[in-house]
Each structure stands twice: as C-alpha cells, then as structure tokens.
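Input: a single structure, listed below in structure tokens.
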Amino acid sequence: MALAWIGLGSNVSNQLGDPRELLCAAVAGLRQLGDVRVSSLYSSAPMGPQDQPDYLNAAAVVDTDLAPYELLAYLHTLEQAAGRQRVRRWGERSLDLDILLMQGVQMQQPDLIIPHIGVMQRAFVVQPLLDLDDALQVDGIYLRDLAIAQSTEGIRRIEQSQWADAPI
C-alpha cells in the first residue's frame with residue numbers, strides 16, 4: 001500500500017451533474033480504492049483560456065495498492081464516467097484527475113510524471129495538498145514554505161473537507 005495524492009478539478013456541468021456533484025462522484029470512486037481523506041473545496045480562475053468558468057479544485061489522499069500506471073488508468077476511467085471530453089489544452093473539463101504525488105515514486109515518462117509538473121507553482125494544487133498534510137515535501141522543499149502557500153491570491157476556500165460527504 002502507498003499513499004497517492006490526487007488533484008481534482010471541474011468547471012463545467014453536463015448531463016451527469018454540476019462541478020461539485022462531479023467532484024463528489026470522483027471522491028466516491030476513489031473510496032473504492034481504499035481509505036481517502038479530502039481537502040477543502042476551492043474556487044480558482046482557469047489556468048488556461050480565460051473564456052471558461054472558474055474551477056472547483058480539491059485534493060485527496062488515497063491509500064492504494066495500485067501501481068502508478070494502474071492508478072492513472074483508474075483515474076481516466078473516473079473521468080470518462082463523468083463525461084470528460086478533451087476539447088482543447090487547458091480548456092474546460094467536467095472532471096480532471098491528476099496524480100500529484102505518490103509515496104516512494106518519482107518518474108518521468110512521456111505520459112506520466114510524478115511529482116506532477118507544476119505541483120509547486122499552482123496555488124490551486126498547493127493549498128489543497130497542505131490541507132491534507134502541512135509537512136508535505138517535493139524534492140526536499142516543504143510546500144508550506146512556498147510563496148504561493150502564504151498567499152490566497154487567485155484561490156478561495158469555499159467549503160471545508162465535509163463537502164465530499166454530501167450525497168450524490
């Protein structure tokens with residue numbers, strides 16, 4: 001078993017629900033893997049094209065026995081179940097799930113990089129990760145010591161961690 005920290009994001013509704021409902025369904029899917037803890041729910045402006053709605057973001061840590069590529073395939077299955085369509089780079093998404101960190105894993109492959117690229121530069125990633133563990137480190141650097149960990153610019157906490165316990 002290993003801990004895996006998963007980034008969750010959504011900014012568009014579809015026939016399956018609104019962004020919050022789609023994120024709740026994703027957390028329910030992660031709970032099929034093992035014990036899960038979830039961060040608070042945040043709102044942030046899109047990182048890519050600005051002609052799209054703001055994102056809802058969170059992070060979850062799951063205790064899993066899946067290998068990195070097995071976990072990635074499972075996350076893609078959850079995205080598909082949420083009706084994800086890849087329309088444009090950094091565009092709107094009904095559900096976006098990323099492996100941010102994985103205990104004991106560092107890898108750089110064309111289709112999977114752990115730690116995830118940009119994990120230390122994005123407040124919508126750092127803040128939720130710190131909710132889960134304020135002692136998290138990437139490459140020997142404590143996330144809590146990063147400048148974006150000290151700022152709330154561009155990100156707003158909208159619900160505590162109980163958001164994911166709502167019925168779907």
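The values are calculated or read from the model by the stated rules, or taken from the named source; none is laboratory data. The shown structure was predicted, so the numbers you read here are calculated from the model rather than taken from an experiment. As a convention, Cβ positions derive from the backbone with ideal geometry for all residues, glycine included, and neighbour counts pool all protein chains shown. Side chains included, ligands, DNA and RNA excluded: accessible areas come from the protein's heavy atoms. Shrake-Rupley method; radii C 1.70, N 1.55, O 1.52, S 1.80 Å.
One table, with the values for the structure above:
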item: Filter result (open to solvent by less than 40 Å² (accessible area, probe 1.4 Å) and outside any loop (DSSP other than H, G, I, E, B)) within segment 108-120; result: LEU112, ILE114
item: Which numbered condition LEU3 fails, given (1) in contact with an Asp or Glu (Cβ under 9 Å, 6 or more places away or on another chain); (2) more than 22 Å from VAL126 (Cβ to Cβ); (3) open to solvent by 50 Å² or more (accessible area, probe 1.4 Å); result: (2)
item: Per-region count, segment 121-168, residues surrounded by fewer than 18 Cβ atoms within 10 Å (Cβ to Cβ) and either at pLDDT below 90 or assigned to a loop (DSSP other than H, G, I, E, B) (or both); result: 18
item: Considering residues of segment 37-76 that are more than 15 Å from the chain's Cα centre (by Cα) and hydroxyl-bearing (Ser, Thr, Tyr) only, the residue nearest to TRP5 (Cα to Cα); result: THR64
